[in-house]
1. Return a yes/no flag: does the range 20-38 have any residue that is touching a residue at least 40 places away in the same chain (Cβ under 8 Å) and exposed (fewer than 12 other Cβ atoms within 10 Å of the Cβ).
2. For the range 35-58, give me each residue that is under 15 Å from the mean Cα position of the chain (by Cα) and either in a loop (DSSP other than H, G, I, E, B) or of a type in the set (Asp, Glu) (or both).
3. Just a yes or no: is a residue in the range 101-111 out of contact with any helix residue (DSSP H, G or I) (no Cβ under 8 Å at 6 or more places or on another chain) and outside any loop (DSSP other than H, G, I, E, B)?
4. Checking Asp146 against (1) part of a helix (DSSP H, G or I); (2) at pLDDT below 95; (3) over 24 Å from Leu10 (Cβ atoms), only one condition comes out false. Which one?
5. What number of residues in the range 48-67 are more than 15 Å from Thr142 (Cβ to Cβ), at pLDDT 90 or above and of a type in the set (D, E, K, R)?
6. Looking at the range 77-100, I want the residues that are outside any helix (DSSP H, G or I) and have a partner that is of a type in the set (Asp, Glu) with Cβ atoms under 7 Å, at least 6 apart or on another chain. Which pairs are those?
7. Kindly establish whether Gly36 is modelled with pLDDT of 90 or more and in contact with a Cys (Cβ under 7 Å, 6 or more places away or on another chain).
8. What residue, of Leu96, Leu117, is surrounded by 15 or more Cβ atoms within 10 Å (Cβ to Cβ), closer than 26 Å to Glu27 by Cβ and either at pLDDT 95 or above or basic (Lys, Arg) (or both)?
Amino acid sequence: MSDPIDRTGLRPDFWANIPMDKMTRPEWEALCDGCGKCCLNKLEDEDSGDVALTRVACKLLDDSSCRCAAYTNRHDFVPECIVLTPATIQNHMYWLPQTCAYRLISEGRPLLHWHPLLTGTAQSVHDAGVSVQGLTVSEANTPDDDWEDHIIEEPV
């Protein structure tokens, strides 16, 4: 599988040496490991604030590649899609996957050994069993009332 993210020409080990708010746009985008977990719908318990991951994916998620089928213009189709930036990451940390590079780096932790920036291949996230590849159902075919039936443990 070819990597849809251009990871060429990036500063060496930028994720460990550059504050998130000083990363270039290509560096920021390269932090994405391609797991697809952020595109899964979540359910939040109103009382506890706990967030449960479901296998109900955004209608734009390509289940085989774990990538958005319309990333550049996704807001034309999903206006509520969250744009994660260095300025907004703290507001969204509570629902980011435990393995998410944006979360890890924001918390001062290292990338995990299977991250494409370390392995040089986009396939490594799938080989490690961390992605949602082949695990999702589409929100277009799943009524909201059935989402609780699709709660999953996060692949880690």
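1. yes
2. Listed by number, the residues that qualify are Cys35, Gly36, Cys58.
3. yes
4. So the condition that Asp146 fails would be (2).
5. Here the count works out to 2.
6. Qualifying pairs under 7 Å: Pro86/Asp21; Pro97/Glu154; Gln98/Glu154.
7. yes
8. Residue meeting the stated conditions: Leu117.
The values are calculated or read from the model by the stated rules, or taken from the named source; none is laboratory data. Keep in mind that what you see is a predicted model, and the values were worked out from it rather than measured. Here the Cβ is made from the backbone with ideal geometry for all residues, glycine too, and neighbour counts use every protein chain on show.
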